[in-house]
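Comments concern the structure below.
The values are calculated or read from the model by the stated rules, or taken from the named source; none is laboratory data. Because the structure is predicted, anything quoted here is derived from the model rather than measured. Positions of Cβ are backbone-derived with ideal geometry, glycine not excepted, and every protein chain shown enters the neighbour counts. Note: accessible area is taken over every heavy atom of the protein model, side chains too, but ligands, DNA and RNA are not part of it. Shrake-Rupley method; radii C 1.70, N 1.55, O 1.52, S 1.80 Å.
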Amino acid sequence: MAPATSAKMSEDKGGISARVEIEEVESPTVQARQAIGVFDSGSGGMVAAAHLSRILGDAKENLSVIFFGDTANLPYGKKTQEQVAALSDAIISRLAPSCPVIGIACNTASASWARFGKVGKGEGWPHVFSVIQIAAELAYERARTLLEPKSKRRRKTIGVLGTELTAQIQSHAEKIVECHRGALSRAIGHELPLVPYAFAEGGIAPQLAAGVIDYERTPHVAVLREDEPGPGGTTRAGIRHWEPPQDLPHGVEIVARDAQKLVAAVDVTHILDSEGNVKPQWRQRVEEYLTQVSSEMVRRKATALILGCTHFEYFERDFAKLLPTLAARNGIICPSGALACRLLDAFDEYLDEHPLRPITGESRSYFAFSGERPPEETLKSLRLEQIVLAEHL
């Protein structure tokens, strides 16, 4: 291993010092199965890794975090699902020897890996967790149920901002629909059929063959997807032939929109300062873009908004200013913290199965990248006391 080098960076802004110690090593020094892994196509997933590092530090747990940013292949949002799944499989294979628990912080990778990925789907370790599943669960739980004046039916409307590919395949919508189906199934006492519908002459019609169920009388969850100009669309799911209890909505509506420009703003243009705020010269342009997006969510009466790319969490404060009611109701879903907690819970499960294990000397936060590293400002915005940059995994 090459000799390690270290440097300290500090910046004083109005008496507040942002200080982080940066160390560079050739590769992480981690014993087998002694770390939790997180990966992303760029730098957004570092937010989840930073959450993990802070939690482990508070708990005095001797467990390392390894983050891998596949910056050599970004943007994932412009690739096919098969290409992204293959990249994800390769990264999981590289992390697995050190990490029995791995989180896919990239929403595009989560969706593509769920469909076409092969590595990490067996019964053994590693256990791989998708940020999309966690975001969907949070959004369904937090979204308010509103009564539609005309139909007198209760509905939750959830907005999703994602990369071009995430918006196109509407992967969050699938998971939210499953949450809705699960809630209704528990209430009725059996699993409800999930039936795709599409527009036809005279209205909408089921797309399953006639005779599968009695569509005119059997309770079922009907799902209708509408593609719209550009990447994105709206997915609706509602219950038919059954009246759910008052504490449950009849249906959900998921509005997916492409916000690829925000990904490029973090990873390519580097518009954030050392505090994680938008640099003054970019603030107006970003605010205009976010205002346009948030206006549609207000018009569609969304009561929860998923920031469906971890890069967008750098703009959480900007969304909160534009959507104060949603922010006050905890309706802006930033799933990185929840992903970090889910990964820690999973590692505890691993320890239950493997109680005898070597203990590492210290807990460290490793950050490795396949291509260009993010600028120092982005690293400092994570607000960690120490970061170890690894040249290779």
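Points to keep in mind about this one:
- Just one of the numbered conditions (1) under 24 Å from V221 (Cβ atoms); (2) open to solvent by 20 Å² or more (accessible area, probe 1.4 Å); (3) in a strand (DSSP E or B) is not true of G159: (2).
- Within segment 197-220, not a single residue is touching a helix residue (DSSP H, G or I) at 6+ places or on another chain (Cβ under 9 Å), outside any loop (DSSP other than H, G, I, E, B) and either open to solvent by 40 Å² or more (accessible area, probe 1.4 Å) or closer than 21 Å to G308 by Cβ (or both).
Residues checked against (1) farther than 23 Å from L343 by Cα; (2) without any contact (Cβ under 8 Å) to a residue 24 or more places away in the chain; (3) in contact with a helix residue (DSSP H, G or I) (Cβ under 9 Å, 6 or more places away or on another chain):
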| position | (1), (2), (3) |
| --- | --- |
| A109 | no, no, yes |
| A114 | no, no, yes |
| G120 | no, no, yes |
| A135 | no, no, yes |
| Y140 | no, no, yes |
| K156 | yes, no, yes |
| G159 | yes, no, yes |
| G162 | no, no, yes |
| L184 | yes, no, no |
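- Boolean, L63 is open to solvent by less than 10 Å² (accessible area, probe 1.4 Å) and either among the charged types (D, E, K, R) or touching a Leu at 6+ places or on another chain (Cβ under 6 Å) (or both): yes
- Residues that are within 16 Å of S151 (Cβ to Cβ) and open to solvent by 50 Å² or more (accessible area, probe 1.4 Å), drawn from segment 221-245: R236, R240, H241, W242, E243
- No other residue among A105, A111 is crowded, with 24+ Cβ neighbours inside 10 Å and either closer than 15 Å to E164 by Cβ or of a type in the set (K, R) (or both) apart from A111.
- From I158, I169, residue being touching an Asp or Glu at 6+ places or on another chain (Cβ under 9 Å) and closer than 30 Å to K79 by Cβ: I158
- Sole residue being over 23 Å from I176 (Cβ atoms) and at pLDDT below 90, chosen from G120, G57, G69, G44: G57
- Criterion violated by H250 - all others in (1) touching a Gly at 6+ places or on another chain (Cβ under 7 Å); (2) of a type outside the set (A, V, I, L, M); (3) open to solvent by 10 Å² or more (accessible area, probe 1.4 Å) satisfied: (3)
- Residues in segment 262-275 that are acidic (D, E) and buried (at least 18 other Cβ atoms within 10 Å of the Cβ): D267, D273.
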